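So the structure is just underneath, and the comments pick up after that.
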Amino acid sequence: MITISNWLLNAAFILYVCSSILFVVAVTGKQWSGRDPREHERRFGGLAYILAVIGFLSHAGYIVTRWIASGHSPTSNMFEFMAFLDFCIIFAYLILYRIYRLTVLGAFVIPLGILMLGYAYVFPKEATPLIPALQSYWLQIHVTTAALGEGILSVGFAAGLMYLVRTVPQQGKSRANLWLEIVLSVVLMLVGFIVLDSTFSRLDQNTVFQLPTQQMTNTGQVVNQQVTYTLPAIVAPAGATIVKQGPMNPLMEAPTWMEGKDAARKLNTMIWSILSGLVLYGGLRLLVRKRLGAALQRTVEGIEPELLDEISYRAIAIGYPVFTLGALIFAMIWAEEAWGRFWGWDPKETWAFIVWLFYSAYLHLRLSRGWVGEKSAWMSVIGFVIILITLVVVNLVIAGLHSYAGV
Amino acid sequence: MDVRKCECGHTNPVGTMLCESCGKPVDFQESGQPEQAAFPDMRYEGMARRSQTYSRTIIDRIWNFFSSVKIAIALILITLIASAVGTIFPQQDYIPVPVSTEADIARFYGETYGKIGEIYYALGFHNLYSSWWFKTLLVFIGTSLVICSLDRVIPLYKALSRPRLNQHLSFLKGQKLYGNSPEEASIDPAAALPAAADFLARKGYRLFREENALLAEKARFSRWGPYINHIGLIIFLFGVLLRSIPGFYLDQFVWVREGQTVSIPETPYYVKNVAYKTEYWDESEMPEKLNLNGGAIPKTYQTDAVLYVNKNADLPGAKPELAEVAKGPILVNHPMIYEDLAIYQSGVKEMELGALNFAVLDRKAGNKQVGSLKLDLYAPQTEQQVAEGITVRVLDYFPDFVMGNDGKPATKTNQPNNPMFALEIASAEGVKEKLVYVSGTVISDSKDPRYALEVKMPDFIDISGLMVRKDKAVPVIYFGALIFMVGVVMGTYWQHRRIWVQWENGRLHLAGHTNKNWFGLRKEMELLIAKMNWPVTLVQKGKS
Ligand code: HEM
């Protein structure tokens, strides 16, 4: 059953990739010679949409089969959660596409979905039984609804980014187009990280370090801690010795104030992500010979900016209540049942609260202070960054009650 | 002057910006500004608002401060940043080692996080969410919610409940979305207006008609959304405040050994731990084979408990008389609930020493075992008979033995972490021998003792940690959350729209207003124009 479910997810991934390629062809190929642009967009866009729907159904199949196999909603570890969040993003996209019928939306959202799903694959994929703290249907309702809210808000980000790509002037230098390039290169860093991690975990080129700190094993022996790097080591943990040589020698040691067993490994991963992102960025720029923002601008030419602004706002207006319900209200009900307190300022709770405050500020600025268009689009980008902090940084760096085991 | 008279003859209250009757901007003549710059915000259709009208006294100033959305946004953003700062390092409640004194806590932050940790501690950020200034922020937001609602609710009611029909032309021209037909256009108002009304009715609009004017309106109720959601928030915050009233909130924690009954502080209740168990997932139950490195994944933490109430709780000094009121298992996520009391499974100390077991050997009879001895670590019997004629007396007991500074034995805590016993064995003949048990060995006092104690497997017990909570404010808090949700959904899933179509001076005038989603409104009006075939182009003022 688990095998079937993994296959379904892989199938969904491949379908999404095909669908995005078609979407890109649909929006960029309009000027190809000998074609009726409208007809071209209709044909390819329609096909891409159909592939996305089939991918979505396969993704749904993954969720159903995994749910049946493990007996709980597939949201109990980082892999499952990210795969589920991705499902919600695609779902939100399908809804908004039904409302606005804008082909180019898919050319932005589906790649975002691929990115999220790729990120999910970085984490251990085992289906584990639930520890007592997670055995609650309120928890399942809470996590699924919160993910749905985050998925819809992410589509708000995608549309906001499209607005910026469409409207930020590409003639001359400006703060806006600098920031736009930064946002795009951060996206590429995530791509770089996923590609590197999945490549190296297949190559089995681990470097193993022995740390000076000690730890007790299950059998009660005290041994030195070990850390395994999947990526080649640029920074070694402070004071560590190499047990198993990897593909390269570390160039430096992590600063000693970086505490914790995995701090240096995370730093190493971060350096690789940044480097690979910059390499990708540089490569792409050499290829297109202009700013990436300028290159992307062609894909959204001819779309009314107001429409993009509206889609971004609508996604956020639809996602905000869902997020509130899932990430705050259901969370409180569950916390009340599990710990006897509906709120405890645990880092994860606090960050959900921060996301909520941020989007409240967004709505107030938009409704009462007329922040529409560019300002609003930047807010949607920042909002997405805060969501990512909540999902990724808080889980992996700030360990709290909710922290999932994993990378 | 407390009233203003419009040229149409209507008398408006002070602060009104659009005449309540004809819709003509009230103070154009006085301000002398060009029409478009002076046209008021349509959100409340120019109704008088206290915060926009008075700013003389200190009360006015405070009122205006709290009713401003700009201030509200600032408060929200400050709260946001403060909340984020509180997650940089763990809050005191979450620091991994249970530290007791203030100095220990300070040391924890300094040692774990270095200089930054020290600063963090010094600024009080380790208790950020209960700090006075964080609470003040929340109180400010609450105050702001109340005042901004009061400031706007009546103007909004007026703006919504009297749909403006047949307004002064400057009212229509002042709208953000406006267009008119050229004078020479061949439009027959008698046919155009009903056709438009028909079209809009099919789009779900509610219609108001006069001979030469038409107003179509949709989803008026959604304008109440923000007020309802803010009331929900106010109720929520009120619920949070309630918890500081004595009796509304109780938070206790008790450790209960298997077989033990303990009193729950601040309540008349007692709880008994009948049995505790931890279960682990069996491999056959797992969806997939896992490599657990010899570990196991817990499945349940369960205490079978009985809850009693002390009937004599109100009589000081009386012996407790316990009556059973509830019984059953307590599991994580499944608390025991009795009236407004809830008991949660929230900790366990497993395999703790419960009692020491010994075999009593008679050395004179070739180390023959003559009896066995059990020393309960929580309630040791002072004297027990271990065999015919042989009694053991406990002379001294130190549950958590240390050598004191004065050279005398002492106990660090009253938990049996390192039990030490001084015993006396008396034989039938009346010979007394003294023995000491400490750290797994038994030392005898006499040179050639008759009796020896052989250490056997001790009894292990599980101690269950139960959290006891009472929170009478929870229903209020949930109710507030529910109201908030209703309001948010009303406000965000529907949009209020008004479309005016008016025939005047031989032209057709079209204007539209909404509080959000101007793009959608424009599309809808453009569709109307296209369907009706009117020579009208809409102009949208300002940014979309
Ligand atoms: C954390 C606190 C707050 C939250 C979560 C919140 C939430 C919201 C939401 C979701 C909306 C949009 C509703 C809709 O689109 O229908 C809104 C609108 C609004 N809020 Fe708040 N609010 C908060 C605090 C405040 C405060 C303190 C004020 C006081 C000035 C305020 C004034 C307003 C106003 C004037 C509107 C616009 C109403 C309209 O345009 O019809 N809010 N609020």
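Structure values in brief
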{"quantity": "Members of the range A:146-178 that are without any contact (Cβ under 8 Å) to a residue 60 or more places away in the chain and closer than 16 Å to A:Lys290 by Cα", "calculated": "A:Pro169, A:Gln171, A:Gly172, A:Lys173, A:Ser174, A:Leu178"}
{"quantity": "Some residue of the range B:504-515 being within 16 Å of the ligand (Cβ to nearest atom), surrounded by fewer than 20 Cβ atoms within 10 Å (Cβ to Cβ), within 20 Å of A:Tyr313 (Cβ to Cβ) and without any contact (Cβ under 8 Å) to a residue 60 or more places away in the chain", "calculated": "no"}
{"quantity": "Strands (runs of 3 or more DSSP E) wholly inside the range B:324-410 containing at least 2 residues that are within 14 Å of chain A (Cβ to nearest Cβ)", "calculated": "B:336-338, B:341-362"}
{"quantity": "Any hit, the range B:55-76, residues being of a type in the set (Lys, Arg), open to solvent by 70 Å² or more (accessible area, probe 1.4 Å), modelled with pLDDT under 75 and in the same structural domain as B:Ile119 (by TED's automatic domain parsing)", "calculated": "yes"}
{"quantity": "Given (1) within 16 Å of the ligand (Cβ to nearest atom); (2) under 27 Å from B:Lys70 (Cβ atoms); (3) charged (D, E, K, R), index of the condition A:Glu306 fails", "calculated": "(1)"}
{"quantity": "Matching helices (runs of 4 or more DSSP H) fully within the range A:12-124 where at least 3 residues are open to solvent by 40 Å² or more (accessible area, probe 1.4 Å)", "calculated": "A:37-70, A:78-100"}
{"quantity": "Every pair of residues 6+ apart whose Cβ atoms lie under 8 Å, when the first sits in the range B:181-210 and is on the phi > 0 side of the Ramachandran plot while the second is modelled with pLDDT of 80 or more", "calculated": "B:Gly204/B:Lys218"}
{"quantity": "Single condition B:Arg498 does not satisfy, out of (1) of a type in the set (D, E, K, R); (2) within 14 Å of chain A (Cβ to nearest Cβ); (3) within 16 Å of the ligand (Cβ to nearest atom)", "calculated": "(2)"}
{"quantity": "Residues (assigned to a strand (DSSP E or B) and open to solvent by less than 50 Å² (accessible area, probe 1.4 Å)) located in the range B:411-435", "calculated": "B:Asn418, B:Met420, B:Phe421, B:Ala422, B:Leu423, B:Glu424, B:Ile425, B:Ala426, B:Glu433, B:Leu435"}
{"quantity": "Pick from the range A:379-395, criterion open to solvent by 10 Å² or more (accessible area, probe 1.4 Å) and within 16 Å of the ligand (Cβ to nearest atom), ranking: nearest to B:Asn515 (Cα to Cα)", "calculated": "A:Met379"}
{"quantity": "Of residues in the range B:353-395 being of a type in the set (Asp, Glu) and under 16 Å from B:Ala426 (Cα atoms), the one modelled with the lowest pLDDT", "calculated": "B:Glu388"}
{"quantity": "Residue satisfying condition, being within 11 Å of chain B (Cβ to nearest Cβ) and touching a Pro at 6+ places or on another chain (Cβ under 8 Å), within set A:Gly340, A:Gly319", "calculated": "A:Gly340"}
{"quantity": "Extreme residue, surrounded by the fewest Cβ atoms within 10 Å (Cβ to Cβ), among residues of the range B:224-255 that are within 16 Å of the ligand (Cβ to nearest atom) and not hydrophobic (A, V, I, L, M, F, W, C)", "calculated": "B:Tyr227"}
{"quantity": "Contacts under 9 angstrom Cβ, first residue in the range B:315-327 being touching a residue at least 60 places away in the same chain (Cβ under 8 Å) and in the same structural domain as B:Val274 (by TED's automatic domain parsing), partner part of a loop (DSSP other than H, G, I, E, B) and open to solvent by 100 Å² or more (accessible area, probe 1.4 Å), 6 or more apart", "calculated": "B:Leu322/B:Lys311"}
{"quantity": "Exclusive hit being out of contact with any Ser or Thr (no Cβ under 8 Å at 6 or more places or on another chain) and over 26 Å from A:Ile386 (Cα atoms), set B:Thr112, B:Thr136", "calculated": "B:Thr112"}
{"quantity": "Flag for B:Gly179 being modelled with pLDDT of 85 or more and open to solvent by less than 20 Å² (accessible area, probe 1.4 Å)", "calculated": "no"}
{"quantity": "Any hit, the range B:531-540, residues being facing chain A (nearest Cβ under 10 Å) and part of a strand (DSSP E or B)", "calculated": "yes"}
{"quantity": "Flag if A:Ala327 is closer than 30 Å to B:Leu250 by Cβ and modelled with pLDDT of 80 or more", "calculated": "yes"}
{"quantity": "Residue tally, condition more than 14 Å from the ligand (Cβ to nearest atom) and out of contact with any Asp or Glu (no Cβ under 6 Å at 6 or more places or on another chain), over the range A:364-378", "calculated": "4"}
{"quantity": "Identity of the residue in the range B:468-492, open to solvent by 20 Å² or more (accessible area, probe 1.4 Å) and within 7 Å of another protein chain (Cβ to nearest Cβ), that ends up farthest from the ligand (Cβ to nearest atom)", "calculated": "B:Arg469"}
{"quantity": "Residue list for the range B:207-223, filter: open to solvent by 40 Å² or more (accessible area, probe 1.4 Å) and either over 16 Å from B:Asn166 (Cα atoms) or in contact with a Cys (Cβ under 8 Å, 6 or more places away or on another chain) (or both)", "calculated": "B:Lys218, B:Arg220, B:Phe221"}
{"quantity": "Positions within the range B:294-323 being open to solvent by 40 Å² or more (accessible area, probe 1.4 Å), at pLDDT below 80 and within 14 Å of another protein chain (Cβ to nearest Cβ), in sequence order", "calculated": "B:Gly294, B:Ala296"}
{"quantity": "Tally of residues being without any contact (Cβ under 8 Å) to a residue 40 or more places away in the chain and not in a helix (DSSP H, G or I) across the range A:345-383", "calculated": "3"}
{"quantity": "Odd one out for B:Asp448, checked against (1) out of contact with any helix residue (DSSP H, G or I) (no Cβ under 9 Å at 6 or more places or on another chain); (2) without any contact (Cβ under 8 Å) to a residue 24 or more places away in the chain", "calculated": "(1)"}
{"quantity": "Conditions (1) at pLDDT below 75; (2) open to solvent by 40 Å² or more (accessible area, probe 1.4 Å): number failed by B:Ile116", "calculated": "(1)"}
{"quantity": "Conditions (1) crowded, with 20+ Cβ neighbours inside 10 Å; (2) at the interface with chain B (Cβ under 9 Å from one of its Cβ atoms); number of the one not met by A:Leu367", "calculated": "(1)"}
{"quantity": "The range B:256-285 - residue that is part of a helix (DSSP H, G or I) and of a type outside the set (S, T, N, Q) and, of those, most open to solvent (accessible area, probe 1.4 Å)", "calculated": "B:Glu283"}
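The values are calculated or read from the model by the stated rules, or taken from the named source; none is laboratory data. Please read these numbers as outputs of a predicted model, since none were measured by experiment. Cβ sites come from the backbone with ideal geometry, for glycine too, and all protein chains shown count toward neighbours. Keep in mind that these areas ignore ligands, DNA and RNA; they rest on the heavy atoms of the full protein, side chains included. Shrake-Rupley method; radii C 1.70, N 1.55, O 1.52, S 1.80 Å.
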